[in-house]
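Visitor: This is the structure I have questions about; it appears just below.
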Amino acid sequence: MPRILTVLTGADHWTLNDGTTHPTGFWAEELLAPLEVFADAGIDVDLASPGGRTPVVDEGSLDPGTIGEEESAKQRKALDALQERLASTLVLADVDLDAYDAVFVPGGHGPMEDLAVDPDLGRVLVTMLDGGKVVSSVCHGPAGLLPAKREDGSWLFEGRRLTAFTDAEEEQAGLADKAPWLLESRLRESGASFSSGEPWAPFVVVDGNLVTGQNPASSKEAAQEVVTLLKG
């Protein structure tokens, strides 16, 4: 049976360009929706983070005014059930990659703070992708693709088709002018073949064994594409 390593941010803030910090973490839907898809497919998932930290949820992702009272309560209940697993994440640097068939990186602004510069995640992604295994990520999670460099210094995802949270969405979310850098722009500058759909609408790109989703609404579909690759 396939097994997936889900790598979560260990950051609880994002440092902005004026030196202030924006409280964040992982985006609830981007963890919960894929976990549900993977569970329904009978796929086991382990959680890891830099240093084995306890990941924290971005409270903005649970805002009843944005996602509705019922959905907010549902997600909070699901997170409560996950607390033991979140409190005991694997140390990313120590993970035995032979045990996994895929890696999945959810977003939230947290990855912009830590996963974007994490050499252990970079090594994991190089080993997995070049080993023919599935690499997948959604929204701001693809910030974690940036440190993936091969031994010759080349970027693992140069020329690969992918998507992520767009500059337009960051502008609409109100943080673009405070961001030290923008994810879409950085991925393009690094050499990715970037594409996107309408802001906030589901949009997923599959390029061989690489699966990326644009935003929170893309989480479920991205996970379904991962299942298709693993079981295909």
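The values are calculated or read from the model by the stated rules, or taken from the named source; none is laboratory data. Remember, it's a predicted structure, so these values are computed and weren't measured experimentally. When we count neighbours, we look across all protein chains shown, and the Cβ atoms used for this are built from the backbone with ideal geometry, even at glycine. Surface accessibility is based on the protein's heavy atoms, side chains included, excluding ligands, DNA and RNA. Shrake-Rupley method; radii C 1.70, N 1.55, O 1.52, S 1.80 Å.
Visitor: As a check on your grasp of the helix formula, calculate [θ] at 222 nm for the chain: sum -39500 (n - 2.57) over DSSP H runs of n ≥ 4, divide by the residue count, round to the nearest 500.
Guide: Computed mean residue ellipticity for the chain: -10000 deg cm²/dmol.
Visitor: Compute the length gained on full extension between ASP96 and THR15: take 0.36 nm times their separation in residues and subtract their Cα-Cα distance, giving the result in nm to one decimal.
Guide: 26.0 nm
Visitor: Related question: What shape does region 1-49 have by the C-alpha gyration tensor, where a ≥ b ≥ c are the square roots of the eigenvalues, rounded means a/c under 1.5, and otherwise prolate means a/b greater than b/c and oblate the rest?
Guide: prolate
Visitor: For the chain, what value does the Rg/Rh ratio take when both radii are computed over Cα atoms and Rh is the Kirkwood radius, given to two decimals?
Guide: Computed over Cα atoms, the ratio is 0.93.
Visitor: Could you order peptides 100-112, 14-26 by the average number of other Cβ atoms within 10 Å of their residues, highest first?
Guide: Peptide ranking by packing, descending: 100-112, 14-26.
Visitor: Mind listing the phi-derived Karplus ³J(HN,Hα) values for region 218-232, rounded to whole Hz, using 6.51, -1.76 and 1.60 with θ = phi - 60°, and x for any glycine or proline?
Guide: These are the phi-based 3J(HN,Hα) values: 8, 4, 5, 5, 4, 5, 5, 5, 4, 4, 4, 5, 5, 9, x Hz.
Visitor: Below 8 Å between Cα atoms, with a sequence gap of 6+, how large is the relative contact order for region 178-232 in percent?
Guide: Relative contact order here is 22 percent.
Visitor: By the scheme Lys and Arg +1, Asp and Glu -1, what is the net charge of all other residues having a beta-carbon under 9 Å from that of PRO2?
Guide: 0
Visitor: Oh, and also: Taking only C-alpha pairs under 8 Å that are 6+ residues apart, what is the relative contact order of the chain in percent?
Guide: For the chain, the relative contact order is 22 percent.
Visitor: Within 10 Å, count the other beta carbons around each residue, average over each peptide in 131-140, 161-170, and list them highest first.
Guide: In decreasing order of mean packing, 131-140, 161-170 become 131-140, 161-170.
Visitor: Rounded to a whole number, what % of the accessible area of region 26-79 do carbon and sulfur atoms account for, probe 1.4 Å?
Guide: Answer for region 26-79 is 49 percent, counting heavy atoms of protein chains only.
Visitor: Using protein chains only and a probe of 1.4 angstrom, how many square angstrom of VAL117 are accessible, to the nearest 10?
Guide: 110
Visitor: Could you tell me what percent of the accessible area of region 93-226 is made up of carbon and sulfur, with a 1.4 Å probe and every protein chain present?
Guide: 44
Visitor: Next question. Dipole magnitude of region 148-232 about its Cα centre, charges +1 at Lys/Arg Cβ and -1 at Asp/Glu Cβ only, in debye to the nearest 20?
Guide: In total the dipole reaches around 320 debye.
Visitor: Further question on the same structure: Where a ≥ b ≥ c are the square roots of the eigenvalues of the C-alpha gyration tensor, would you call region 72-210 rounded, which needs a/c under 1.5, or, failing that, prolate if a/b is larger than b/c, or oblate?
Guide: It is oblate, given that a/c is not under 1.5 and a/b is not larger than b/c.
Visitor: Just the number, please: Stokes-Einstein D of region 127-191 in µm²/s, Kirkwood Rh from C-alpha pairs, 4 °C, 1.567 mPa s.
Guide: Calculated translational D: 101 µm²/s.
Visitor: Also, I was wondering about something else. How about LYS74: which aspartates and glutamates have a C-alpha closer than 16 Å to its C-alpha, ignoring those fewer than 8 places off in the same chain?
Guide: Those aspartates and glutamates meeting the cut-off are GLU29, GLU30, GLU36, ASP58, GLU59, ASP63.
Visitor: Could you point to the residue in ALA99, ALA116, GLY52 farthest towards the positive end of the chain's charge dipole, with +1 and -1 charges on the Cβ of Lys/Arg and Asp/Glu respectively?
Guide: ALA99
Visitor: Top mean-square fluctuation among PRO119, PRO55, PRO142, Gaussian network model of the chain, C-alpha springs under 10 Å?
Guide: PRO119
Visitor: Roughly how big is the chain's charge dipole about its Cα centre, with Cβ charges of +1 (Lys, Arg) and -1 (Asp, Glu), in debye to the nearest 20?
Guide: Once rounded to the nearest 20, the dipole reads 480 debye.
Visitor: Additional query: Would you mind working out the accessible area per residue for region 98-232, using a 1.4 Å probe, and quoting it in Å²?
Guide: Per-residue value: 38 Å².
Visitor: Just give me a number: lysine pairs in region 101-232, eight or more positions apart or cross-chain, with C-alpha atoms less than 21 Å apart.
Guide: Within region 101-232, the lysine pair count is 4.
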